Each structure stands twice: as C-alpha cells, then as structure tokens.
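A.B. asks: One structure, as structure tokens, below. Some questions next.
What follows is calculated from the coordinates using simple rules that are stated; it is not laboratory data. None of these values were measured; they are calculated from a predicted model. All Cβ positions, even for glycine, are placed from backbone atoms using ideal geometry, and neighbour counts span all protein chains on display.
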Amino acid sequence: MRLAYTTSAGRGDMDTVLARVTERLEGRGLRVLGVVQINTACEDDRPCDMDVKVLPDGPLIRISQSLGPQSRGCRLDPQGLEQAVGETAARLAGGGDVLMINKFGKQEAEGRGFRDVIAEALAAGMAVIVGVNGLNLPAFLDFCGDMATRLPADVEAIAAWADAAVATVSEDA
C-alpha cells in the first residue's frame, strides 16, 4: 500500500507544507489529484475562512461557515466538504499519480468525507498523502492499520516519498 501521512503542531502549517509538496510534484510532471487547503485571514480576530482547491485545476470551495462571534463549535461546512469530495471522486476516473488530502478530520474519522476516495485511490494503485491532526490520528490509524508511513511535515521528505511511491507503481505496471 502506498499511503503516507504527516502531522504538524503549528496552526495552518500542514496546509502550507502540503500545498508546496503539490506544487513540487506537479512541477515534476506528476498528476496530483485531491485537495489542498487555503486559509484566508479575517478581520476582527475572527477565525480564518477555509477553502480547498480541488486539484489539479479547481474549483475553489469554501469549507468553513460563519457561526457568529460567540460560537465555539466546529466551523466545518459539511456541504462544502462533500462538494469537494464529489469533485475529487469524479477526477479519479481519469487517473492520477498521487492523491493529496489536506486533512483526515472528524468527517473521515466518522466514516464520511474523503475516506472512500482514499480507499479508491489506493485500490487504483495511486500514492496517497494525507494530513492528520493529533485529535484524529487514532481514527486514521484504525482506518489504515499499519499500512501507512509516517512522514515529517517537510516538503522535501514528502516529495521524495511520493517520487519513490510513484516510481514503484511504474515498475509494477
């Protein structure tokens, strides 16, 4: 199985790392599918707006919702996330080298979100890279068992793993 994951302690750091890895892999001619997250700072100390770019060429989909200034709940917009999942799933039929998923989050931990897309990509022989936060790491490890490789949140390390995983797929073909 060609599955790797990374974690990062800094808020938004993983999003930046995975976006840079995607740029690096695309620059090397690899077909990268999936999503990367783009956070936009808001005024008045409000939490950032969260969007995902469906790879390789869009659209950009808002996955956060404004719940008001006193809210402390989850801001994920499940409809936005499911739209991104649908767009990504549709692109899998055309084939790709790498599936990039910005986050194995609460939706995936509960059996929804990108979970089936990850499984489809693995079944198709694609290399899969997933960002995971500490809160959802146990659910991710339950999902994949001991089949995933843990990588540091480092652009070069992740890109090198992807290059090797894609080369292995080519050799197997």
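A.B. asks: Quote to one decimal, in nm, the extra length available between residue 9 and residue 23 on full extension: 0.36 nm per residue of separation minus the C-alpha distance between them.
C.D. replies: Numbers: separation 14, 0.36 × 14 = 5.04 nm, distance 2.20 nm.
Going from the current span to full extension adds 2.8 nm.
A.B. asks: Given a Förster radius of 35 Å and the C-beta distance between residue 147 and residue 39 as r, what FRET efficiency does 1/(1 + (r/R0)^6) yield to the nearest 0.05?
C.D. replies: Details: r = 30 Å, r/R0 = 0.85.
The calculated FRET efficiency here is 0.70.
A.B. asks: Then there's this: Rounded to the nearest 0.05, what FRET efficiency do residue 112 and residue 31 have when you use their Cβ-Cβ distance and R0 = 25 Å? Kindly include the intermediate steps, with their values, before the conclusion.
C.D. replies: Details: r = 26 Å, r/R0 = 1.03.
Rounded to the nearest 0.05, the efficiency is 0.45.
A.B. asks: Here's another thing I want to ask about it. Collect residues whose amide H, placed 1.01 Å from N in the peptide plane, falls under 5 Å from the amide H of residue 154; neighbours closer than 5 in sequence don't count.
C.D. replies: Residues meeting the criterion, in which the H sits 1.01 Å from N, do not exist here.
A.B. asks: For residue 119 and residue 167, what is the calculated FRET efficiency with R₀ set at 30 Å and r taken between the beta-carbons, to the nearest 0.05?
C.D. replies: Values: r = 23 Å, r/R0 = 0.76.
E(calc), rounded to 0.05, equals 0.85.
A.B. asks: I would also like to ask the following. Give the relative contact order (percent, whole number) for the range 85-145; include only Cα pairs under 8 Å separated by 6+ residues. Mind dumping the intermediate values first?
C.D. replies: Numbers: 57 pairs, mean separation 24.8, N = 61.
Here the relative contact order equals 41 percent.
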